[in-house]
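Asks: Input: one structure, supplied below.
Values in this text are rule-based calculations from the coordinates and carry no lab data. Nothing here was measured: the structure is a model prediction, and the numbers come from that model. Methodologically, a virtual Cβ is constructed for each residue, glycine included, from the backbone with ideal geometry; neighbour enumeration extends over all protein chains shown.
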Amino acid sequence: MDDYFDNKEFSKIDFTKTIIKKGEYDNCTFVNCNFEAISVSNSQFIECIFTNCNFSNTIVKHTAFKNVHFISCKLLGVKFNECDPFLLQFSFRECLLNFSSFYQLKIQNIKFTNCNLEAVDFTETVLSSSKFDTCDLRDAVFENTNF
């Protein structure tokens with residue numbers, strides 16, 4: 001049985017040393033946590049906020065991100081295209097997303113503010129009504145992308 005967490009704050013946890021429980025996280029905040037190269041697969045994050053977290057190379061297969069905000073996070077090489085696409089909605093502010101992938105996702109109204117998106121793959125992504133405000137998109141791929 002999956003665990004359920006509601007309105008909880010997780011601060012300064014290194015999930016490479018402490019296992020994150022698979023489950024549903026509703027209205028939770030994560031501050032200064034390390035998720036680097038671990039799996040959060042098959043979990044749900046609903047209306048959560050991640051601040052100053054390291055998500056580099058984190059495995060997000062079948063993970064739900066529903067109205068999730070990433071602020072000042074490092075998300076290098078994350079394959080968001082493997083997330084659960086149902087009600088997928090997130091925003092990124094002052095984040096490093098270099099080498100990540102949004103391949104073939106439908107992520108309308110997504111907001112990227114002051115982010116580094118170098119070599120990010122947006123191939124065949126639906127980005128209608130999305131905003132890129134003061135972002136570095138050097139070498140990002142937008143082949144057959146719908147704006």
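Asks: Let's test the formula: R0 of 30 Å, r as the Cβ-Cβ distance of residue 18 and residue 47. What FRET efficiency results, to the nearest 0.05?
Replies: Result of the calculation: an efficiency of 0.80.
Asks: Additional query: Return the whole-Å distance between the Cα centroid of region 11-70 and the Cα centroid of region 116-147.
Replies: If we compute the Cα centre of each part, the gap is 23 Å.
Asks: Rounded to whole Hz and in sequence order, give me ³J(HN,Hα) for region 134-142 from the Karplus expression 6.51 cos²θ - 1.76 cosθ + 1.60, θ = phi - 60°, writing x for Gly and Pro.
Replies: So the Karplus estimates, Gly and Pro as x, are 6, 10, 8, 10, 4, 6, 5, 10, 10 Hz.
Asks: Which order do 38, 110, 19 fall in if you start with the one that has the fewest other Cβ atoms within 10 Å?
Replies: The order, fewest Cβ neighbours first, is 19, 38, 110.
Asks: In the structure shown, do any of 12/131; 22/74; 17/111 have a Cα-Cα gap over 24 Å, and if so which?
Replies: Result: 12/131; 17/111 exceed 24 Å.
Asks: Using each residue's phi in region 44-55, evaluate 6.51 cos²θ - 1.76 cosθ + 1.60 at θ = phi - 60° and report the 3J(HN,Hα) Karplus result to the nearest Hz, with x for Gly and Pro.
Replies: Using θ = phi - 60°, the values come out as 10, 10, 10, 6, 9, 10, 10, 10, 6, 9, 9, 10 Hz.
Asks: With Cβ to Cβ distances under 9 Å as the rule, what net charge do the other residues near residue 31 carry (K, R +1; D, E -1)?
Replies: Surrounding charge for residue 31 is 0.
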